[in-house]
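**Student:** If you scroll down you'll find the structure; I have some questions about it.
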Amino acid sequence: MTAPRDSVFSKVPEVTLFFWIIKIAATTLGETGGDSVSMTLNWGYLAGSALFIVLLAICVTAQISARRFHAWLYWATIVAATLFGTTTADFFDRSLGIGYTGGSVAIFACLMAALGLWHWTMGTVAVETVNNPKTEAFYWATITLSQTLGTALGDWTSNVAGFGFAGGAMFFVVLLAMLAVACYTTRVSRVFLFWAAFILTRPLGATFGDLLDKPQNMGGYDISRPVISLCLVGFIAVCVAVLPQRAGRHPGGVQRQPG
């Protein structure tokens, strides 16, 4: 099948409402799934991070090697990145004693550096251009850092800023709503709005996951982490199977979508 004139297929999905629904579910799964391994199974943050970086490496390698967009593979890689991000952020914040503030600032600086290097090298950080191995490497490095930042930032909002889990989740909902309004009422760069929303959905998932599984004396609902994680896996699987998923496109000439 040939793409429309002046259009090139990307290897990431088109950004629609369905994309954000699955993204938020995946980020929440990253929090509850990562905590299930590091806390419930008592692996610890370092061992959990080692497990998930292997899973992430396998998924990213498969994603970059694929000749076209595959919804199941893409979302598996997103989940692997957010699982790794959860345990790694907790390892740096807690095991190494950096703290939520120090961890958030350090990871944010790394994320901005990754985006800056990507833009300097490729001329853009628009996700629609993710259709070659070099750009994909930048994309997945940025994704992983944003997922790691989300856990640290969510913990900072809930604990250091004193919002609590419910208040923290609502805080990020409000910020995301403001970005949505800006998207429809202003001419602010759509690339900026995408990455801002992508980054903020991660702490939303982190605080919401904590709200569900933390003990009641800490402000949570004390629901089993493995149970929540399995429910989220099922929800994401249904969404990927049922909701429309197609590759995004960007200007740049005609390209044949490999079959």
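What follows is calculated from the coordinates using simple rules that are stated; it is not laboratory data. Here the structure is a predicted model, which is why all the values come from computation and not from measurement. All Cβ positions, glycine included, derive from the backbone under ideal geometry; neighbour counts span all protein chains shown.
**Student:** Quick one: which residues, 5 or more positions from V12 or on another chain, have an amide H under 5 Å from its amide H? H modelled 1.01 Å from N in the peptide plane, none for Pro or chain starts.
**Tutor:** It is G248, by chain and number.
**Student:** Decide, for region 174-250, between rounded, prolate and oblate: order the square roots of the alpha carbon gyration tensor eigenvalues as a ≥ b ≥ c, take rounded if a/c falls under 1.5, and otherwise choose prolate if a/b is larger than b/c, else oblate.
**Tutor:** oblate
**Student:** Under the rule a/c < 1.5 gives rounded, and otherwise a/b versus b/c splits prolate from oblate, where does region 8-243 land using the Cα gyration tensor?
**Tutor:** The shape class here is rounded.
**Student:** Is the shape of region 107-196 best called rounded, prolate or oblate, per the rule: a/c under 1.5 gives rounded, else a/b larger than b/c gives prolate, else oblate, with a ≥ b ≥ c the square roots of the Cα gyration tensor eigenvalues?
**Tutor:** Oblate.
**Student:** Let me ask something additional. Sort 41-52, 107-118 by the packing proxy (mean of other Cβ within 10 Å over each peptide's residues), most packed first.
**Tutor:** 41-52, 107-118
**Student:** Suppose we flag trypsin sites (Lys or Arg not before Pro) only when DSSP calls them loop and at most 14 other Cβ atoms lie within 10 Å. Which is the longest uninterrupted stretch of the chain?
**Tutor:** 69-186
**Student:** Can you give the relative contact order of the chain as a percent, counting alpha carbon pairs under 8 Å and 6+ residues apart?
**Tutor:** Reported relative contact order: 37 percent.
**Student:** With charges only on Cβ, +1 for K and R and -1 for D and E, what is the dipole size of the chain about its Cα centre, in debye, rounded to 20?
**Tutor:** 920 debye
**Student:** How big is the charge dipole of region 5-157 about its Cα centre, in debye rounded to the nearest 20, if each Lys and Arg gets +1 on its Cβ and each Asp and Glu gets -1 on its Cβ?
**Tutor:** Around 440 debye, computed over region 5-157.
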